[in-house]
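Any read-out appearing in this document is the output of simple, stated calculations on the displayed coordinates, not a laboratory observation. Small disclaimer: the values here were computed from a predicted structure and weren't measured. Backbone-built Cβ (ideal geometry, glycine too); neighbour counts: all protein chains shown.
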Amino acid sequence: MEGSETPTWTFGELKPGETRTVAMKVIPRQRGDVRLDAFVRMTGFSSSEFSVQEPMISVEVSGPETVEVGQQAGYVVKVSNPGTGLANNVVIQAAIPEGLEHRSGSILSIYIGTLNAGESRQAKLSLTAVKGGVQDVAVRAIASGDLTDETTATVTVAEPQLKIAIKGPE
């Protein structure tokens, strides 16, 4: 129900001791406390309160800004739940670019599980630099209920260059 609409049910006559039940499915549109009031015309009143909890997901990546070809680049991926409810089936996904390698391949999935409200966990990514240039490691966290957050870590991979020149008499 939106706005100030009030659903109404008419039961007619109730015999002494007779009970009738109404079931409603309510979908909260925001987090926080919600109050539901039920009124029985002329005879009574009932009220109920409950709290709506909202899980959230956030992901951060930290690691080196520059590495050389052949060196290890260690990244820490931190996934957290800044919301007020449980974040279930949390998974970290990472796309490793061509200039970096991970022993498990170029697409990684790390299962985290359930995060309580305010909880965070970390996962480590150990990558090897294999090609020079600017490399972007795309990382996202997903959870049940279509929760998602993503970020990118950029690293510049330096490629050593060797120049040889020969000088001598012509």
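The table that follows gives values for the structure above.
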| quantity | calculated |
| --- | --- |
| Calculated from backbone phi, Karplus (6.51, -1.76, 1.60) coupling profile of segment 25-36 in Hz, x at Gly/Pro | 9, 10, 10, x, 9, 7, 7, x, 7, 10, 10, 10 |
| Using θ = phi - 60° and Karplus 6.51 cos²θ - 1.76 cosθ + 1.60, couplings along segment 144-158 (whole Hz; Gly, Pro as x) | 4, x, 6, 7, 7, 8, 9, 7, 9, 10, 10, 10, 9, 9, 8 |
| Segment 112-127 - phi-based ³J(HN,Hα) in whole Hz, Karplus 6.51/-1.76/1.60, Gly and Pro as x | 9, x, 9, 10, 6, 4, x, 8, 9, 9, 10, 10, 9, 10, 9, 10 |
| Listed candidates [x] 1.87; [y] 1.66; [z] 1.56 - label of the one calculated as Cα Rg over 2.2 N^0.38 Å | [x] |
| Partner lysines for residue 163 [C-alpha distance under 26 Å; skip if fewer than 8 residues away on the same chain] | 131 |
| Low-density loop positions, GluC sites (Glu not before Pro), segment 80-154 - DSSP coil, at most 10 other Cβ in 10 Å | 98 |
| Neighbour count of at most 12 Cβ within 10 Å plus DSSP loop: longest trypsin sites (Lys or Arg not before Pro)-free window in the chain | 42-102 |
| Most fluctuating residue given options 33, 149, 136, as computed from a GNM of the chain linking Cα atoms under 10 Å | 33 |
| Residue 83 long-range amide H proximity, modeled H, under 5 Å | 56, 118 |
| 5 angstrom amide H check on residue 68, placed H, neighbours 5+ away | 158 |
| Segment 79-113-segment 17-37 distance, computed between alpha-carbon centres (Å) | 38 Å |
